[in-house]
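Trainee: Here you go, one structure.
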Amino acid sequence: MNKKYLWRFLTLVMVAFLGICFTACGDDDDDDGGSGTVNSNIVGTWVAHSGKRTASYTFNSNGKGTSSYSFNGSSGYWSKGGGNFNWSFSGNKVILKGGHWSDVNVDGETDEGTYNETFEYNGNTLTGGRFADCVYYKQ
């Protein structure tokens, strides 16, 4: 009889353990595009010039934004592009998630994707993102 009670006890412990585990496993994904907040110092248009490329990101106060870039010259494969994104601010990072970008190459062909970029903010410049060699200044 002891084995019968031991088996019931272990079953009860296992059910309680699984109940606790499933309760603790929640959905922690952010649907708003980031885990930080919107920083008013970031709001506005940031522009970078690197060689023949000009890139800009406009950050709106509602956590959304737009981007565009162009390449002036015949040696660049991608001639222009841009898109829309969601953004947030965490620590010194500006995080772009969601949204959509589209590029057009010199032959008129397009490439598309979803934003997933991070910039570092140091007070007066943004660095990083898709064009890591660019330094962005607020206009």
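Trainee: Scan the stretch 92-114 for residues that are closer than 18 Å to Lys80 by Cβ and touching a residue at least 40 places away in the same chain (Cβ under 8 Å) and jot them down.
Mentor: Across the stretch 92-114, the qualifying residue is only Gly99.
Trainee: Considering Trp101, Trp87, Trp78, which residue is under 17 Å from Tyr136 (Cα atoms) and either surrounded by 12 or more Cβ atoms within 10 Å (Cβ to Cβ) or modelled with pLDDT of 85 or more (or both)?
Mentor: Trp87
Trainee: Which members of the stretch 42-67 meet the condition of being among the β-branched types (Val, Ile, Thr) and in a loop (DSSP other than H, G, I, E, B)?
Mentor: Of all residues in the stretch 42-67, those among the β-branched types (Val, Ile, Thr) come to 42-43, 45, 47, 54, 58, 66.
Once the filter is applied, which keeps residues that are among the β-branched types (Val, Ile, Thr) and in a loop (DSSP other than H, G, I, E, B), the stretch 42-67 yields Ile42, Val43.
Trainee: Then there is this: Working only within the stretch 122-133, note down all residues that are in contact with a Phe, Trp or Tyr (Cβ under 9 Å, 6 or more places away or on another chain), over 16 Å from Asn60 (Cα atoms) and in contact (Cβ under 8 Å) with a residue 12 or more places away in the chain.
Mentor: Scanning the stretch 122-133 gives Asn124, Thr125, Gly129, Arg130, Phe131.
The values are calculated or read from the model by the stated rules, or taken from the named source; none is laboratory data. All values derive from a computational prediction rather than experimental measurement. Cβ: placed from backbone, ideal geometry, glycine included. Neighbour counts: every protein chain shown.
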